[in-house]
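Reading through the structure tokens given below for one structure.
Throughout, read-outs are computed from the coordinates displayed, never taken from laboratory work. Source: prediction; values computed, not measured. Note: ideal-geometry Cβ built from the backbone for every residue, glycine included; neighbour counts use all protein chains shown.
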Amino acid sequence: MTRDDLTRRQFIAAASAGSLAAVTTSDLPAYGNVTRKASKLALLGGDPVRKNKSWPQWPHWDEEVIDSLMKTAKSRIWCRIQSATGTVPTFEKEYAKLMGARFCVLTGSGTQALHTCVEALGIGPGDEVITSPYTDPGTTASILSARALPVLADLDPESYQLDPDDVERRINKNTKAIMPVHMMGQPADMDRIMALAKKHNLKVIEDACQAHLAEHRGRKLGTIGDLGCFSFQSSKTIACGEGGGIIGNDEALMDQCYTVHNHGTSRRGRTEVIGPKYRMNEFEGAVLLGQLSGVKERFARRNENAAYLTYRLKDIPALTPQKLYDGTDSGSFYLYAMSYHEEQFDGIDRATFLKALSAEGVGLSPYIKQGLHREPWIDNILDSKVYKKMYSRKRLREYKDQLACPNCDKVCSEMAMLWASGPLLAGREDMVEVADAIEKVYENRDALRKA
Ligand SMILES: *Cc1c(COP(=O)(O)O)cnc(C)c1O
């Protein structure tokens with residue numbers, strides 16, 4: 001039996017065992033494709049591992065998506081408030097069911113979903129929310145839009161997720177919530193984050209914008225904290241261009257989310273609170289509904305492919321796949337992320353490795369260039385009238401003094417990731433090529449250094 005004969009069941013079993021990194025298949029022979037190892041790097045004029053092949057295209061569309069869009073166009077129900085059975089209210093019900101949540105409110109983006117939650121929880125000027133510097137700018141934008149202060153805690157450098165110890169160090173009397181980000185679609189350290197929230201009486205808004213359908217201890221991400229947010233932006237694993245959603249089980253709180261996202265106007269038709277207008281339109285809902293049928297299959301395919309890559313990478317110490325926490329049943333695998341260890345690659349830097357790999361026909365990306373703690377918003381916002389009015393001079397000075405997130409800097413400098421919406425939906429033979437290409441470059445690192 002060869003490595004390629006590993007059954008689908010083995011990988012799923014490995015994936016659900018809690019740690020993909022722990023795929024131990026001792027009955028399988030170690031990889032040893034001598035011809036490939038001996039062959040010349042494509043960067044140096046050799047034959048590439050992967051030639052003239054494309055990846056599955058993303059975002060996904062098929063006749064079902066087109067039919068759904070056409071039906072919406074012809075119905076003239078283009079706005080959710082025109083009908084209780086339009087695409088948006090229908091997808092809200094379907095998504096809640098899929099995620100095992102009682103309620104769902106769709107919005108125009110993941111950022112809008114997060115901002116709606118911040119407002120619905122009554123978090124505003126003077127308040128602080130602890131989140132990650134290693135994320136989409138939408139995460140912090142949602143806190144800033146409420147004129148609250150995003151406090152950035154450092155990462156666990158092996159999982160790229162919030163480090164609960166650093167979160168705890170940054171809690172003060174103005175802290176109202178933690179916003180963990182399930183980075184790459186895999187669960188953050190939710191056992192410890194929920195324990196912290198309980199101990200300090202804080203709300204938890206899960207930024208699950210990359211984490212559709214992923215599970216931690218039998219619960220879908222987004223249903224563990226008080227509220228969970230998703231993005232349906234083009235690149236995400238369920239996509240409609242721009243879109244977002246909130247899920248939750250607390251009826252009053254979810255009603256408040258609806259009111260906030262509907263310019264402060266409740267389902268009762270009364271205008272009650274401050275709120276932007278963040279309603280999803282029916283065309284976006286139509287795309288989401290049309291895309292729903294293949295969602296579970298694509299999720300399984302990504303998990304299976306990720307498990308295979310992790311299994312193959314265990315023999316290459318220079319690349320470590322993202323660490324998954326105990327209790328991880330499955331990940332969304334929005335991205336398949338790895339840490340590149342230059343010293344174990346005999347000093348070959350990441351850029352050279354990526355170039356050599358790309359010549360073999362496999363593109364990995366360094367992803368986020370630097371953490372949000374290094375972006376110019378910090379100075380611009382802290383010097384603004386409203387922040388100077390709402391936060392003491394002492395707090396703002398301390399905030400700037402405590403911005404360092406060395407683990408985040410390390411993650412940014414080591415990251416090498418494969419886009420999952422697309423490549424991770426490819427077949428097993430494509431994953432074999434990804435792993436073979438990585439292995440070939442690693443085995444030939446000596447030639448690369450001399451080049
Ligand atoms: C995409 C994303 C967001 C923002 O979602 P949008 O739909 O683009 O507004 C927020 N957080 C994370 C982790 C994301 O990946």
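Listing Thr131, Thr87, Thr352 from the residue with the fewest other Cβ atoms within 10 Å to the one with the most, what is the order?
Values: Thr131 25, Thr87 30, Thr352 18.
Least crowded to most crowded, the residues run Thr352, Thr131, Thr87.
What dipole magnitude, in Debye to the nearest 20, does the chain give about its Cα centre under +1 on Lys/Arg Cβ and -1 on Asp/Glu Cβ?
Values: 59 positive and 58 negative charges, 219 e Å.
That gives the chain a dipole magnitude of about 1060 debye.
Tell me whether the range 257-338 comes out rounded, prolate or oblate; compute the Cα gyration tensor, take square roots of the eigenvalues as a ≥ b ≥ c, and use a/c under 1.5 as the rounded threshold.
prolate
Arrange Trp58, Trp377 by Cβ neighbour counts within 10 Å, fewest through most, would you?
By the 10 Å Cβ count, ascending, the order reads Trp377, Trp58.
For the range 287-335, what is the largest minus smallest coordinate of the Cα atoms on each principal axis, given in angstrom and ordered from greatest to least?
42, 21, 13
In the P(r) worked out for the range 63-293, what percent of Cα pairs fall beyond 33 Å?
14 percent
Kindly work out what percent of the DSSP beta bridges joining two residues of the chain are antiparallel, to the nearest 5.
So the antiparallel bridges in the chain amount to around 65 percent.
Can you sort Met417, Met70 so the residue with the fewest Cβ neighbours within 10 Å comes first? Present the calculation step by step, with values, prior to reporting the outcome.
Values: Met417 19, Met70 12.
Fewest-to-most ranking of Met417, Met70: Met70, Met417.
Under 5 Å between amide H atoms, partner at least 5 residues away or on a different chain: which partners does Thr175 have, H built in plane at 1.01 Å?
Glu128
Can you tell me what share of the DSSP beta bridges in the range 63-293 is antiparallel? A percent to the nearest 5 is fine.
Numbers: 17 of 32 bridges.
The answer is about 55 percent antiparallel.
Taking just the alpha-carbon atoms of the chain, what radius of gyration and Dmax come out, in angstrom?
22.9, 73
Classify the range 337-410 as rounded, prolate or oblate, taking a ≥ b ≥ c as the square roots of the eigenvalues of its Cα gyration tensor: rounded when a/c is under 1.5, otherwise prolate if a/b is larger than b/c and oblate if not.
Here the range 337-410 falls in the prolate category.
Note down the relative contact order for the range 63-293 as a percent, whole number, built from C-alpha pairs under 8 angstrom at least six residues apart.
Dividing the mean separation by the residue count of the range 63-293 yields 27 percent.
Which semi-axes, in whole Å and largest first, does the equivalent ellipsoid of the range 374-451 have when worked out from the alpha carbon gyration tensor as the square roots of 5 times its eigenvalues?
Details: eigenvalues 417, 67, 17 Å².
Semi-axes (√(5λ), whole Å): 46, 18, 9.
Using only helices, what value at 222 nm comes out for the chain when you add -39,500 (n - 2.57) per DSSP H run of length 4 or more and divide by the total residues, to the nearest 500 deg cm²/dmol?
Computed ellipticity for the chain at 222 nm equals -11500 deg cm²/dmol.
Contour minus end-to-end for Glu297 and Ile381, with contour as 0.36 nm per residue of separation and end-to-end as the Cα-Cα distance?
Numbers: separation 84, 0.36 × 84 = 30.24 nm, distance 4.36 nm.
Full extension from Glu297 to Ile381 adds 25.9 nm.
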